């Protein structure tokens, strides 16, 4: 602590210091001084919470949209369901609008227009990320469902199993193996996109780094540390996803 105080005073006064002394001072004030590492830790917790909530919401929306749109596309000629047609039209607009507008704009609209009176910025951000992710996951899941041989559906229906049970027990179980890498990539993108909720006041990892920069007036170490933390999180989840994929391939061979 005494070294930090002395070396910081030297830097502030413009005195001669070594690169090691400069690194030590900037690193100490960015992570150690006033227990600032706890702010990063709280930011990581918020980041993981937002990612988990948004992923769950995105999966729910994605499955619903994908199943409805697939059911609409697979209708036999002359046997069109008007309800499916209306839902398909609504879901196509949802996917087009969400995928066609920037995430940042969506966050600003949700945070400062739709939920302008809300002070729960983290939840608003998580909700926005979930809605955004749902549109992308819907197309990923729909592609996986459409890739399953149509004969699977016909064979199941011939046995008297209804459409949604066929989807749940036959089609989705096969499609999930094909779409897992794409869903894993979407999860990683979602994890990194949590940094955007800081623009509406969400107190996640980047928000913590920006708060520290505003107090220390030194940006490199807080932002570099934040980048390293994101990289480590992505590497951990990529590793876990790889394990899951290998287990699925092993179960296929048995």
Next item on the list: Can you tell me which residue within region 113-126, out of those that are in a helix (DSSP H, G or I) and touching a helix residue (DSSP H, G or I) at 6+ places or on another chain (Cβ under 7 Å), is nearest to residue 197 (Cα to Cα)?
Entry: 125
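Quick check on this structure: which one of 168, 142 is within 22 Å of residue 88 (Cβ to Cβ), touching a helix residue (DSSP H, G or I) at 6+ places or on another chain (Cβ under 8 Å) and in a helix (DSSP H, G or I)? Write out each step before concluding.
Working: 168 fails: touching a helix residue (DSSP H, G or I) at 6+ places or on another chain (Cβ under 8 Å).
Answer to the selection: 142.
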Next item on the list: Select from region 166-177 the residues that are surrounded by fewer than 16 Cβ atoms within 10 Å (Cβ to Cβ) and modelled with pLDDT of 75 or more and list them in ascending order.
Entry: 174, 176, 177
Item checked: Number of positions in region 113-156 that are farther than 15 Å from residue 183 by Cβ and either touching a strand residue (DSSP E or B) at 6+ places or on another chain (Cβ under 9 Å) or surrounded by fewer than 16 Cβ atoms within 10 Å (Cβ to Cβ) (or both) -> 14
Item checked: Scope region 219-243; condition closer than 28 Å to residue 22 by Cα and without any contact (Cβ under 8 Å) to a residue 60 or more places away in the chain; matching residues -> 219, 223, 224, 227, 228, 230, 231, 232
Item checked: Which listed residue, of 209, 182, is in contact with a helix residue (DSSP H, G or I) (Cβ under 6 Å, 6 or more places away or on another chain), modelled with pLDDT under 90 and at negative phi -> 182
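The values are calculated or read from the model by the stated rules, or taken from the named source; none is laboratory data. Remember, predicted model here, so these are calculated numbers, not experimental data. For neighbour counting, all protein chains shown are included, and Cβ atoms are generated from backbone atoms with ideal geometry for every residue, glycine included.
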